[in-house]
Every structure is written in structure tokens, then in C-alpha cells.
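Colleague: For reference, the structure I am asking about is given below.
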Amino acid sequence: MNDILYSYLSTSDDRLYLWLGLVIASATFGLSFWILKKPAKGRAHTSNALVAMLLFFVGLLAASSAFFSGWSWYKQGRIDIYADHLTYGTTTIPYANVRKFSLKKEETTGLLGQAGREVTTFFLVIETKDGKTYAISDKSYPVNEIRANLNTILHPNQD
């Protein structure tokens, strides 16, 4: 019963942003240090200090982005569907504990409500009997396929 029936990896760009953030942070911190150590006098010293502070700030933003992208990538992990349970990242959800699962549609508009900027996102929502809710986005996983596979496992006699 420990055989994986279906497995899905996250298709989000978190891994790319993790490495991109680390590279940018390393480059900007190194460049900031180099500019501060460069000998200069007068106005050049002041402008070097300002540029170094700007680069340091960019490095902090890149490091923060890398941290949160890495955290998101770790938490999402992969989805494995077994005969008796589902694993989502580091979380195991036994089918006996699932109250219901459904596909939800969310439509959002642009920041200022601009017409034509509507984005539709589908979520596979899994609700457990102990009150926990897990939402899986179609931006990261093929939720229609996952829902169909869960239907065949949990409701084998339905069409």
C-alpha cells in the first residue's frame, strides 16, 4: 500500500527565483563592499557611499526574495497520491480524514480594476474532518488532473 499511484511536481518558478535572488544578492553585496573600499576623496567618496548603500539595499531585497521563494518551494514540495493517503509537501492527509474536496474558481482584476486584466485561478480545496483546509493552485499543479485522480480513488463506482 506504499506505492505511489500518481506524483506531481510543482511547476512554480520558486526555484528559479531562489537561485536568481542568491546570485543578485551575492553580486550586489560584493559590489557594495568593493565600492566602499575603493579609495576616493571629497564628492566621489560621498557618491560611492550612496551607491554602496543603494546596492546593499538591492542586495537585501534580493536576499529576502530568495529566502521566501526557497521557503515557498520547500513548503509546496510535491504531491504524491497513494491508495490510502495523499502527501502534499511535508503534510500527509489520510483519505479517512478528508471531509470533502472541490474545485474553486477565483477571478481577480487588476490593481485598479482595469477592464481586460482579469485573471482566473482555480484551486483544489481539500477540507479535512479536523477543520484544516488545503488549497492547491493551478498556477503550481495540474489541479483538474489531481481532482480526477482523487475522484477515481475515493469514489470508484461513480462515472
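Colleague: Let's test this: bin the Cα-Cα distances of the stretch 90-154 at 5 Å from zero up to the farthest pair and state each bin's percent.
Modeller: Binned Cα distances yield the sequence 4, 15, 23, 22, 15, 9, 6, 5, 2.
Colleague: For the chain, just list the percent of Cα-Cα distances falling in each 5 Å bin from zero outward, please.
Modeller: That works out to 2, 8, 12, 13, 12, 11, 9, 8, 7, 5, 4, 3, 2, 1, 0, 0, 0, in percent per bin.
Colleague: Looking at the calculated P(r) for the stretch 14-75, what percent of the C-alpha pair distances fall above 13 Å?
Modeller: On the way: 1150 of 1891 pairs.
Above the 13 Å cut-off, the stretch 14-75 has 61 percent of its Cα pairs.
Colleague: Further, regarding this structure: Using only Cα atoms, find the angle between the long axis of helix 14-37 and the longest principal axis of the chain, and express it within 0 to 90 degrees, rounded to the nearest 10.
Modeller: 10 degrees
Colleague: Once the Cα atoms of helix 43-76 and of the chain are each reduced to a long axis, what angle between those two axes, in degrees from 0 to 90 to the nearest 10, is obtained?
Modeller: Once rounded, one gets 10 degrees.
Colleague: From the helices alone, meaning DSSP H stretches of at least four residues, give me the mean residue ellipticity at 222 nm for the chain, per-run term -39500 (n - 2.57), in deg cm²/dmol to the nearest 500.
Modeller: -15500 deg cm²/dmol
Colleague: Among Val119, Val23, Val51, which one shows the biggest mean-square fluctuation in a GNM of the chain, springs joining Cα atoms closer than 10 Å?
Modeller: Result: Val119 has the largest fluctuation of those listed.
Colleague: Continuing with this model, one more query. Roughly what angle does helix 143-154 make with the longest principal axis of the chain, taking Cα atoms, 0 to 90 degrees, to the nearest 10?
Modeller: That works out to roughly 30 degrees.
Colleague: Same structure again: In the stretch 117-159, which trypsin sites (Lys or Arg not before Pro) are in a loop and have at most 11 other Cβ atoms within 10 Å, using DSSP for the loop call?
Modeller: Working: sites: Arg117, Lys129, Lys132, Lys139, Arg147; in loops: Arg117, Lys129, Lys132, Lys139.
Counting only loop positions with at most 11 other Cβ atoms within 10 Å, the trypsin sites (Lys or Arg not before Pro) in the stretch 117-159 are Arg117, Lys129.
Where a number appears in this text, it was derived from the coordinates with a stated rule and is not lab data. Owing to the predicted nature of the structure, the values given are computational and were not obtained by experimental measurement. All Cβ positions, even for glycine, are placed from backbone atoms using ideal geometry, and neighbour counts span all protein chains on display.
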